[in-house]
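Below you'll find the structure, written out as structure tokens, and then a few comments.
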Amino acid sequence: MPAIQSQVAEEVHPDVALVARAKLGDTAAFEQLVRQYERQIFRVAQHITQNREDAEDITQDAFFKAYEKLEQFQGNSKFSTWLVRIAVNESLMRLRKRKTSRTVSMDEDVQTEDGSIPRDFAEWRPNPEQLYGQSELGEILRKTIQGLPPGFRTVFTLRDVENLSTEETAEALGLSVPAVKSRLLRARLQLRERLSRYFRKKNGEAKP
Amino acid sequence: MTCTEFLSKLDDYFDGKVDADVLAEVQAHVKKCSHCEVVLDTTRKTISIYRENEVYEFPAELRERLHAAIMKKCSKAKV
């Protein structure tokens, strides 16, 4: 159906106009982009670095770099994906600086063959939200994701917390689609396994 | 479908991207494998609990401070 196809093709993301205006020096247009994405960029940075001060610095640096390099943004990807990519790179760089003893990259922590095989088959009953209060639940979620290797944490954050597609995640991380898929599976299963320690159906035993 | 094959389809299954025949195979597998049924359910909950709960707070005060700092920094940039 050609009519429908051309309609879809003409649908332009609202960011395109804002980016075009910002490129011409319209600060208000850039400020609107900042408003739209500052929460997301801060969240991504905090998930990866697990450190609030670092996340604040990275959010500032990512927008600053985006502003400086705006001319280089060709619009082949979404502006938000491009921005996330800058923030991810800044975050990983920050982690590398912090950890002197080992390097941090998207290539590490992969291929431990048994890493993705589920071992805990207990149901989660009652639902975690019924089992724990909001602040206790938040603490469990923070502690659990903190324990994931940075490469897995990053993929999980982009795909499942920020809801990026597999293709967008691959683009933001400079990885292939199969690489994203394999890391995502491992990340999800590892998180599931770790959360199960708190959420598994109890048989009269105490919470961990 | 084996348990390993089931795991490899999980991502596309959650995205609603599996073909009808694969979907039927996944559903049939889960029906007869209680382990994978639990893995499917708890993995789905893992995703939704992280998506629905703001793990890190972003209070208005922090947002305003950060926003002002970003705009101040950018105002000094050479574009």
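Read-outs throughout are calculated quantities, based only on the coordinates presented, and are distinct from any laboratory measurement. Just so it is clear, the model here is predicted, and its values are computed rather than measured. All Cβ positions, even for glycine, are placed from backbone atoms using ideal geometry, and neighbour counts span all protein chains on display.
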- [ ] Multiply the residue gap between residue A:121 and residue A:202 by 0.36 nm, knock off their C-alpha separation, and tell me the result in nm, one decimal place.
- [x] 27.9 nm
Open item on the list: Please flag any cysteine in chain B that has no other cysteine's Cβ under 4.7 angstrom from its own Cβ.
Closed with: B:3, B:74
TODO: Work out from phi, with θ = phi - 60° and the Karplus expression 6.51 cos²θ - 1.76 cosθ + 1.60, the ³J(HN,Hα) of each residue of the stretch A:172-180, listed in order in whole Hz, and give x for Gly and Pro.
DONE: 5, 9, x, 10, 7, 4, x, 5, 5
Task: Signed unit charges on C-beta, dipole axis of chain B, positive-most listed residue B:69, B:7, B:24 - done: B:69
Open item on the list: Please list, in order along the stretch B:42-49, the HN-Hα scalar couplings obtained from phi with the Karplus expression 6.51 cos²θ - 1.76 cosθ + 1.60 (θ = phi - 60°), rounded to whole Hz, x for Gly and Pro.
Closed with: 6, 5, 4, 5, 4, 5, 5, 5
TODO: Using a 10 Å cut-off on Cβ to Cβ distances, tally the other chain neighbours for every residue of A:24-35 and report the average as a whole number.
DONE: 2
Open item on the list: Strictly greater than 20 Å: what percent of every Cα pair in chain B meets that?
Closed with: 55 percent
Task: Stokes-Einstein diffusion coefficient of the stretch A:145-190, Kirkwood radius over Cα pairs, 20 °C, 1.002 mPa s, in µm²/s - done: 212 µm²/s
Task: Qualifying lysines (Cα of each under 24 Å from Cα of residue B:76; at least 8 residues distant if same chain) - done: A:23, A:65, A:69
- [ ] With only Lys, Arg, Asp and Glu charged, each at its Cβ (+1 for the first two, -1 for the last two), find how big the charge dipole of the stretch A:113-199 is about the Cα centre; round to the nearest 20 debye.
- [x] 220 debye
- [ ] Enter the mean number of other protein chain beta carbons within 10 Å of the beta carbon of each residue in B:64-76, as an integer.
- [x] 5
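Over all directions, how big on average is the projection of the convex hull of the alpha-carbon atoms in the protein assembly as shown, in square nanometres?
Over all viewing directions, the protein assembly as shown projects a mean Cα-hull area of 18.5 nm².
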Open item on the list: As a footprinting exposure proxy, order A:167, A:162 by other Cβ within 10 Å, with the fewest listed first.
Closed with: A:167, A:162
TODO: List every residue whose amide H lies under 5 Å from the amide H of residue A:123, counting only residues 5 or more places away in sequence or on a different chain, with H placed 1.01 Å from N in the peptide plane.
DONE: A:201
